[in-house]
Amino acid sequence: RFLAYQPASVEARKNLANALLRCGRPADALPHFARLHALDPTDLDGLQNWGVALIMVGHPAEATEKLRPVVDARTALA
């Protein structure tokens, strides 16, 4: 309901997407991860979880696209 009033809320979007993913509903989480990324393309955790959701629904090539920048950024920090 909160997103109906605050559709640009990054935290609410992230929480909903992650909750759906953790509840075994990765397909339902995908549009929320996409919107989260549009709102905050620098959110590596959201991008990583989007990749996980894509793997879970059988889209490994698309998941690789999402996960590559996460791996690159985290490798650069190490």
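Computed values, structure above
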| read-out | value |
| --- | --- |
| Residue identified as of a type in the set (Gly, Ala, Ser), over 22 Å from Phe2 (Cβ atoms) and within 9 Å of the chain's Cα centre (by Cα) among Gly51, Gly58, Gly46 | Gly51 |
| Residue that is nearest to Pro7 (Cα to Cα), among those in the stretch 17-43 that are open to solvent by less than 50 Å² (accessible area, probe 1.4 Å) and charged (D, E, K, R) | Asp40 |
| Breaking point among (1) at pLDDT below 95; (2) not in a helix (DSSP H, G or I), for Gly24 | (1) |
| First in the stretch 2-20 and touching a residue at least 12 places away in the same chain (Cβ under 8 Å), second anywhere and among the aromatic types (Phe, Trp, Tyr) and open to solvent by less than 40 Å² (accessible area, probe 1.4 Å), Cβ under 7 Å, 6 or more apart | Ala17/Phe33 |
| Of all residues in the stretch 3-18 being outside any loop (DSSP other than H, G, I, E, B) and farther than 13 Å from Gly46 by Cβ, the one that is farthest from the chain's Cα centre (by Cα) | Tyr5 |
| Residue satisfying condition, being outside any helix (DSSP H, G or I) and of a type in the set (Val, Ile, Thr), within set Thr42, Thr64 | Thr42 |
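The values are calculated or read from the model by the stated rules, or taken from the named source; none is laboratory data. Since the structure is predicted, the reported quantities are computational estimates derived from the model, not experimental observations. No Cβ is skipped: glycine too gets one built from the backbone with ideal geometry, and neighbour counts run over all protein chains shown. For the accessible areas, the whole protein counts, side chains as well, though only heavy atoms, and no ligand, DNA or RNA atoms are used. Shrake-Rupley method; radii C 1.70, N 1.55, O 1.52, S 1.80 Å.
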